[in-house]
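Below is one structure, written out as structure tokens; comments come after it.
The values are calculated or read from the model by the stated rules, or taken from the named source; none is laboratory data. Note that the structure is a prediction, hence the values are computed from the model and not measured. No Cβ is skipped: glycine too gets one built from the backbone with ideal geometry, and neighbour counts run over all protein chains shown.
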Amino acid sequence: MFTGVPATSQTRHVAGRAVGPVGLGCMGMSFAYTPSTRDDDASVAVLRRALDAGPQLVDTADVYGPFTNEELVGRALRDRRDDAVLATKGGLVVRDERAEVIDRDARPEHLRAAIDASLQRLGVDHVDLWYLHRVDPDVPLEESWGVLAEAVQRGKARAIGLSEVSVDELERAHAIHPVAALQSELSLWTRDPILEGTLDWCARHGAAFVPFCPLGRGYLTGTVGGTFDVDDMRSRHARFTPEAQAVNVRIVEQVRAIAAGVGATPAQVALAWTLAQGPHVVPIPGTRNPAHLDENLAAADVVLDDATLARLDLLPPAEGARYGRSGPPVRPA
Ligand SMILES: NC(=O)c1ccc[n+]([C@@H]2O[C@H](COP(=O)([O-])OP(=O)(O)OC[C@H]3O[C@@H](n4cnc5c(N)ncnc54)[C@H](OP(=O)(O)O)[C@@H]3O)[C@@H](O)[C@H]2O)c1
């Protein structure tokens, strides 16, 4: 259906840098989903293909792998550093990989060591954007954010951002150092940032809003579902139980019908909907597949008119919580 890397003349801005409207999330290349189908060489090729379309927001984190995703991204960017607007995150640690126990650690000493280790794995002297992956309930936000601000002063990060925080937390951080970006889950089946006001806060304060899981971990594309390998996180997510999928399939059916009506794919409609939430929005769909990458980048050219957006606003709510089935410790991936 798509030939070559789609080029779009549109640009958006993240951390003061122009980027294509649709970025690339790299987590699934090394973490969270179907380990049996991971292929580092293929993922590096996908990353480099994304950069062929023009400067792109490339998203990773030290906790993905853990650590191996930053190494993979560094490998892909080795001779192409300036083609990427490179974002990573710190503040989470994997305590037990098999049991999938991930803790928050945003103590200053941890964060100071984390940025140095991230830069080393990525093979760069600075990142364009460094996020606090989660606020640590045991550490005042001001202390953690102060370390991120210090990284900007020391030239290790050009700009800094937060992930999954409230308007109050955005305000507290912004009073110390400008928040360049907020990365939170936003998609056709997760609209919390609209309801909670963080999407709007970013628009009013010149911050980019970066939707993670904009494809609903693949579900909204209509091609991902059923049962998952036990080591695929979705096998433990409430929205992916057989019972939840039996309900959530209604969302996919409607997205599929709307996509057919506008001559696009369901994935493109899901991404175009995030782009329609404001010019400050840059989604980061994850993919390891070059055809999916091309399809996702081309979503920037899918225009949804007001009537279509209104139909998408009437989709049924998702069945099941965003993360684990029963009060997980922290499952940020
Ligand atoms: N801040 C946070 O706490 C946080 C949490 C989660 C994720 N993230 C970031 O957000 C990024 C994106 O999230 P995500 O990867 O979890 O979920 P996602 O982008 O919603 O979905 C990824 C899934 O969709 C599939 N997919 C992608 N494009 C497709 C297409 N055009 N057609 C059919 N299937 C398609 C992928 O499989 P294929 O590989 O086969 O294409 C993969 O299974 C991550 O990579 C990570 O960087 C951040």
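For a quick check of your reading of the model, give me the residue pairs whose first member lies in region 21-38 and is under 28 Å from Val281 (Cβ atoms), whose second is part of a loop (DSSP other than H, G, I, E, B) and among the β-branched types (Val, Ile, Thr), with beta-carbon atoms closer than 6 Å and at least 6 apart or on different chains.
Within 6 Å, the pairs are Gly23/Val282; Gly23/Ile284; Gly25/Ile284; Cys26/Thr60.
Kindly check whether there is at least one residue in region 277-290 that is more than 17 Å from the chain's Cα centre (by Cα) and either among the aliphatic types (A, V, I, L, M) or at pLDDT below 95 (or both).
The answer is no, given that none of the residues of region 277-290 is more than 17 Å from the chain's Cα centre (by Cα) and either among the aliphatic types (A, V, I, L, M) or at pLDDT below 95 (or both).
If I go through region 258-276 residue by residue, how many of them are in contact (Cβ under 8 Å) with a residue 40 or more places away in the chain and under 16 Å from the mean Cα position of the chain (by Cα)?
6
Go through region 47-69 residue by residue and tally those that are touching a Lys or Arg at 6+ places or on another chain (Cβ under 6 Å) and in contact (Cβ under 8 Å) with a residue 60 or more places away in the chain.
Residues in region 47-69 being touching a Lys or Arg at 6+ places or on another chain (Cβ under 6 Å) and in contact (Cβ under 8 Å) with a residue 60 or more places away in the chain: 1 in total.
Looking at region 175-203 only, could you name the residues that are in contact with a His (Cβ under 6 Å, 6 or more places away or on another chain) and of a type outside the set (Gly, Ala, Ser)?
Within region 175-203, Cys202 is the sole residue that qualifies.
Going by the conditions given, is Ala45 in a helix (DSSP H, G or I), at pLDDT 95 or above and not polar (S, T, N, Q)?
Here the answer is yes, as Ala45 does meet what is asked.
With respect to Thr241, determine if the residue is among the polar types (S, T, N, Q) and within 14 Å of the ligand (Cβ to nearest atom).
no
Identify, from the list Gly65, Gly155, the residue that is away from the ligand (no atom under 16 Å from the Cβ), in contact with an Asp or Glu (Cβ under 9 Å, 6 or more places away or on another chain) and part of a loop (DSSP other than H, G, I, E, B).
Being away from the ligand (no atom under 16 Å from the Cβ), in contact with an Asp or Glu (Cβ under 9 Å, 6 or more places away or on another chain) and part of a loop (DSSP other than H, G, I, E, B) holds for just one of Gly65, Gly155, which is Gly155.
Being aliphatic (A, V, I, L, M), part of a helix (DSSP H, G or I) and within 15 Å of Ser163 (Cα to Cα) narrows it down to one residue among Leu148, Leu119; which is it?
Leu148
What are the pairs with Cβ atoms under 7 angstrom where one residue, in region 202-225, is near the ligand (Cβ under 6 Å from one of its atoms) and the other, located anywhere, is basic (Lys, Arg)? Sequence gap at least six, or different chains.
As it stands, the answer is Arg217/Arg234, since those pairs meet every condition given.
Conditions first: (1) crowded, with 17+ Cβ neighbours inside 10 Å; (2) on the phi > 0 side of the Ramachandran plot. Gln245 passes all but one, so which condition is the exception?
All conditions are met except number (2).
In this structure, does Arg256 turn out to be in a loop (DSSP other than H, G, I, E, B) and either within 14 Å of the ligand (Cβ to nearest atom) or under 21 Å from Ala50 (Cβ atoms) (or both)?
no
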